[in-house]
Structures are given as C-alpha cells and as structure tokens.
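Please read the structure below before turning to the comments.
The values are calculated or read from the model by the stated rules, or taken from the named source; none is laboratory data. The structure displayed is predicted, hence computed values, not measured ones. As a convention, Cβ positions derive from the backbone with ideal geometry for all residues, glycine included, and neighbour counts pool all protein chains shown. SASA here: full protein model, heavy atoms, side chains in, ligands and nucleic acids out. Shrake-Rupley method; radii C 1.70, N 1.55, O 1.52, S 1.80 Å.
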Amino acid sequence: MTAVVTILFFGVAYGMILYLISVGLSVTMGLMGFVNLAHGVFAMLGGYAAVTLMNQLGLSLFAALPLACAMVTVVGFVLERTLYSRLYGRSELDQVLFSMGLILISMALVRVVWGPLAQPVQLPDYLKGQSVVGGIELPTYRFVLVAFGTAVIVALWVIFERTLFGARIRAAVDNRGMAQAIGIDTGRLFAVTFGLGTGLAALGGALGADVLAIAPNYPLHYIVYFMVVVAVGGLGSIRGPFIAALSIGLADTACKYLLPEMGSVFIFAFVFALLLWRPNGITGKR
C-alpha cells in the first residue's frame, strides 16, 4: 500500500511539472502552427533564473518564482516579435532548424554563464522535510508542486473558457482566417499567447528544478517528454495535455519504481499505440 501511494503521489507531482511546461507549447503550436522544439529553453531559463535569485540573491521561493516567470516572459515576447514571427507560414523544416539552432545557442550561453554542472536548489527549511499523510512520509515540496499545479490549472480553465481573451484564442485555433475576418488581431494575439506560454514554461522549470535537474542539456534531454504530452493531449487544448501529462507522469514513475531496467520503453510503446489509434490526440477529432 505504501508503494502504491508513493508512486501515485510522485507521479502526480511529476505530471504537474510536465503539464505546466507543455500546456503553453500545446496552445502555441495549435494557434500558430509553429514547430517550436525550443520550448524547453524557456523552462530551462526559468529554472536558472529562479535558482540564481534564490541561491545568490537570497530571495525566497515565492518571491523568485514570479520574477523568474516575468523575466522569461519578456524574453519570449521579444523573441516572438523579432525571430519567431519571421518564420510563420514557412516550412516545418525551416522551423525545426531554427528551433534546434536556438537550443544549441542557449545551451552554449548557459554553459558559459552558469557552468556545465546542474544547479543545486536551496529550498527553505520548511519545504525540505517530510509530511506524514495516513502514516506514510512524503516530501513536503511535492505537495507544493501539486498545489501550484492545481491552482494554475484552475486559472487556465477560467482564462480559456470564461474570458474574451480565451474566446479569441479558441477562435483563432479553430479557424484563423475567420478570426481575422471578424476583426481579431491575430498578430498581437500570437505575441501575447507566446509570452503566456513561455511564462508557464518558466514556472514549470522553476518549480520543477528539484525534480528535473537544471543543466545545460535540459532542452534536449526533456523535449521528447514535452512533445509527447502535446502529441498525446492534442494541439490547442488545455484539458488534453493535462490528462496526457498525468498519465505519462504516473506511468513513467511506476516504470522507474517497478521496472527500472526497462527505462521508458513502456511509455513510448504506449504512446505509439495511442497515436496509431488517435493521431490527433486523446481530445482531438478522430
């Protein structure tokens, strides 16, 4: 029973991190049709920014998180206006080559600034210990991850389903031409949505720095997981990536605990089978 609860708890916390990072990629790819393999760069930058603010400037976790997200959001907005927007409508090969180039450049820059080793996270004392739930000791920080993830999911649902901004995003995802015809400024919408996606990625990278190690190879090491969440969940959705992230987080955690010698073989086999059945994702059209 203890092993089952531990796997479920760690899997949900891991899934929350995957969701926070991947949901922005799902929306931007569905909205812009841009194959942005460099999405993990913004998660990495969020992690580095938060770790630097906490370890070197002495800020608390809850003070470093919004600052890190704000800084990366600004970087994402500037990159969208200056670089990404020039490649809208170009071939997927051009977009992939640009994304890979951005990944390699960012990896080289962070290696120069922060060095080649993973950055340690100095959590406050009240988040380092264990919490006892039902007689089972579980890491306190994982509870924070689950709580943050839940709050963000609720906020995203309200934004996308109950606001005019969310209605415009959904309209542009469904039919960009019609959205432009009724007066929606899709260029500005793209920029704001891209900034929101990069901010969410930064939040996921910063919160998950104790789970997904912040190192120069971060964008290449984890991009497969982010893309799998988007592919399984479906483009332009916030519900699909949530289901996919939780499923992958639970399955990957269970495999690591029960069959560590198999690695992620079962995860990718499951993804292949699912995409053969539902090529547009679990929430996409058949």
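For the chain, what does -39500 (n - 2.57) per DSSP helix run (n ≥ 4), summed and divided by total residues, give at 222 nm, in deg cm²/dmol to the nearest 500? Intermediate results must be reported in sequence, preceding the final value.
Working: 12 runs with 208 residues, N = 286.
It lands at -24500 deg cm²/dmol.
For the stretch 188-216, backbone nitrogen atoms closer than 18 Å to the point 7 Å from LYS128 Cα along Cα-to-C-beta are found at 209-211.
Would you mind telling me the share, in percent, of accessible area of the chain contributed by carbon and sulfur at probe 1.4 angstrom?
68 percent
With the convex hull built on the Cα atoms of the chain, state its orientation-averaged projected area in nm².
On the way: hull surface 63.5 nm².
Computing the convex hull of the Cα atoms and averaging its projections yields 15.9 nm².
Look at the alpha carbon pairs under 8 Å that are at least 6 residues apart: their mean separation over the length of the chain gives a relative contact order of 40 percent. Against the longest principal axis of the chain, how steep is helix 2-32, in degrees 0 to 90 to the nearest 10, with axes from Cα atoms? On a 0 to 90 degree scale, this one is about 20. Heavy atoms of the protein chains alone define the surface here; on that basis the stretch 195-286 has 44 Å² accessible area per residue at 1.4 Å probe size. Rounded to the nearest 10 degrees, what's the angle between the helix 265-277 long axis and the longest principal axis of the chain, both from Cα atoms, 0 to 90? Approximately 30 degrees, to the nearest 10. Between ASP252, ASP174, ASP210, the Gaussian network model of the chain with springs among Cα atoms under 10 angstrom shows the greatest mean-square fluctuation at ASP174. Helix 61-82 and the longest principal axis of the Cα set of the chain meet at an angle near 30°. Applying the criteria of a DSSP loop state and at most 15 other Cβ atoms within 10 Å to the trypsin sites (Lys or Arg not before Pro) of the stretch 1-109 yields ARG90.
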